[in-house]
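See below for the structure under consideration.
The values are calculated or read from the model by the stated rules, or taken from the named source; none is laboratory data. Everything quoted here is computed from the prediction, not taken from an experiment. Note that we place each Cβ from the backbone using ideal geometry, even for glycine, and neighbour counts take in every protein chain shown. Quick note on the areas: whole protein, heavy atoms, side chains included, nothing else; ligands and nucleic acids left out. Shrake-Rupley method; radii C 1.70, N 1.55, O 1.52, S 1.80 Å.
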Amino acid sequence: MSFKITIVRHSESLPSDVSGARLWRSGLFAKYFFDKGYVVSWLISSYDHYNKKQRQRIDPFPCEPGLHETVKLLKTPGYKKNLSIFRFFDHFWFAIKTFFCLMKSEKPDLIICSYPTPDASLACVIYGSFFKVPVILDIRDQWPDVLFEAFRGKLSYVVRVLLSPYTLMKILSFKYATGLIAANQSFLDWGLGYTGRGQNSYDFVSYIPFEIPVISDKQHDQAWSIYSSLNCNSNDLVITFAGTIGKMFEFESLFSALEMAKKNSINVKVFICGRGSELASLEKKFQVYPNVCFTGQLESQVVFSLLGLSDILLAPYKDLNNFNGHLPNKFMEYCAVGKPILSSLKGLPEELIRNYKFGHSFSDAEGLYRGIEYYNS
């Protein structure tokens, strides 16, 4: 009898959401086990978090024959804003749906559930405890702790009280899970701190994988067309950022560093790829720089090709505990391209860049400019 694995993840981009989108962490886990011949069931919300719309169906994934058939959409109501009561309800409803889906389905041999969300994690742990199914929690984010950083003073205590049910869910989930895996050691240590036990053989770091995309001539031509739109030549230093343009990134350092570069006659061309809540304000701010191009959202293969055409890649993460020591998707994608990285990440990423000399770490505009100056020389 084939080994049965259920993978649970509320919000994750699927290749059927946007043409050319790549598999993310849960998708790569599903693909790995699927290719090994295991029976995989991949539970995910019907609501597309990144495009803010309901998924009606799952089309076949390009270059991944049969994998789309492992996906089970669990209907949830959705939400319009990332920080809203409707999102909390949507996640709670997904957890309820997950529990009853597990109850109605053939019992799996293993459950791998992404954390967050705490609701779904606790639902899986409760099911696993009742039916003797091992549950591994994959820690992707230090939630809700990371949210506390955004508030100070008395408001911080109010937020902690309001989110106390989620803190309890977090503690119970970690304590009664069979094992914890995480994208970095600091995330794993954080989770283990709530277990009341030492690290066991089921607890380990699983770095975020990245699969090199197959790029067609048409996609490469599209990337070249974007690259050529700024008339880039051998005298220019071409910098590219690609990702969700949201509150986890800061571009003030880039804005100031470009002014420093201009004063010192360094020819810099910048591509900012993606969309998000901060895109409109960022476009307005950078409109004083004709050497900055906002490309909008592109197919992942086109993005990868454009990254390869660039000289250096930008990862301007905000200084949050949730990113300390973390090797996020963006960092791993940039590493796969093989170009130098200008990174504000601390801990392990900074150590890797220093030891292997494949980029420059910065913490402010002056530090970013020093990286630009170094790679221009």
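I need to check one value: relative contact order of segment 299-356, counting alpha carbon pairs closer than 8 Å and at least 6 residues apart, in percent. Could you put the intermediate results ahead of the total?
Working: 62 pairs, mean separation 23.8, N = 58.
The value is 41 percent.
Summing charges over neighbours of SER45, with a neighbour being any other residue whose Cβ is under 13 Å away from its Cβ, gives +3 when K and R count +1 and D and E count -1.
With an 8 Å cut-off on Cα pairs and a minimum separation of 6 or more residues, tell me the relative contact order of segment 1-141 in percent.
Numbers: 244 pairs, mean separation 34.4, N = 141.
Here the relative contact order equals 24 percent.
Largest GNM mean-square fluctuation across GLU350, GLU333, GLU211, computed for the chain with C-alpha springs under 10 Å, falls on GLU211.
Size of the dipole of segment 314-377 about the Cα centre, Lys and Arg at +1 and Asp and Glu at -1 on the beta carbon, nothing else charged, in debye to 20?
Working: 7 positive and 7 negative charges, 31 e Å.
Here the size comes out at about 140 debye.
Remark: spin-label model distance CYS63-ILE212 equals 1.1 nm, labels positioned 7 Å along the Cα→Cβ axis. Extension gain for GLU351 to SER277 (0.36 nm times residue separation, less C-alpha to C-alpha distance): 23.5 nm. Separation of segment 147-219 from segment 247-275 is 32 Å, based on Cα centroids. For the options GLY347, GLY198, GLY246, a Gaussian network treatment of the chain with springs between C-alpha atoms closer than 10 Å singles out GLY198 as fluctuating the most.
Multiply the residue separation of PHE3 and GLU252 by 0.36 nm, subtract the distance between their alpha-carbon atoms, and state the gained length in nm to one decimal. Mind showing how you got there, number by number?
On the way: separation 249, 0.36 × 249 = 89.64 nm, distance 5.02 nm.
84.6 nm is the gain from fully extending PHE3 to GLU252.
Placing SER229, SER344 in order of accessible area, with the largest value first and a 1.4 Å probe, yields SER229, SER344. The residues packed around LEU282, meaning those with a beta-carbon under 13 Å from its beta-carbon, carry a net charge of 0 if Lys and Arg are +1 and Asp and Glu are -1. Placing unit charges on each Cβ (+1 for Lys and Arg, -1 for Asp and Glu) gives the chain a dipole about its Cα centre, and among TYR207, GLY338, ALA182 the Cα reaching farthest toward its positive end belongs to ALA182. Once all protein chains are placed together, ARG22 keeps about 50 Å² accessible to a 1.4 angstrom probe.
Taking every DSSP beta bridge with both residues inside the chain, roughly what % is antiparallel (nearest 5)? The partial results should precede the final answer.
Values: 3 of 45 bridges.
About 5 percent, rounded to the nearest 5.
Only protein heavy atoms count here; on that basis, with a 1.4 Å probe, ASP311 has an accessible area of about 60 Å².
Between SER225 and GLN287, the modelled labels are 2.5 nm apart [label points 7 Å from Cα along Cα→Cβ]. Computed about the Cα centre, the dipole magnitude for the chain is approximately 1080 debye when only Lys and Arg (+1) and Asp and Glu (-1) carry charge, each at its Cβ.
Ordered by solvent-accessible area of protein heavy atoms (1.4 Å probe), largest first, the residues VAL18, VAL268 come out as VAL18, VAL268. If the chain linking MET332 and ASN264 were pulled fully straight, counting 0.36 nm for each residue of separation and taking away their Cα-Cα distance, it would gain 21.3 nm. The mean sequence separation of alpha-carbon pairs under 8 Å and at least six residues apart, normalised by the residue count of segment 218-362, gives a relative contact order of 25 percent. Each of [x] 27.4; [y] 19.9; [z] 26.2 is a candidate for mean projected area of the Cα convex hull in nm²; the one calculated from this structure is [y]. Simple spin-label estimate for MET103 and PHE131 gives 1.1 nm between the two label positions (7 Å along the Cα-to-Cβ direction from each Cα). Applying a 4.7 Å Cβ-Cβ cutoff to the chain leaves CYS63, CYS101, CYS232, CYS273, CYS293, CYS335 as cysteine residues with no disulfide-compatible partner. For MET103, the accessible area of its heavy atoms, probed at 1.4 Å with every protein chain present, is near 90 square angstrom.
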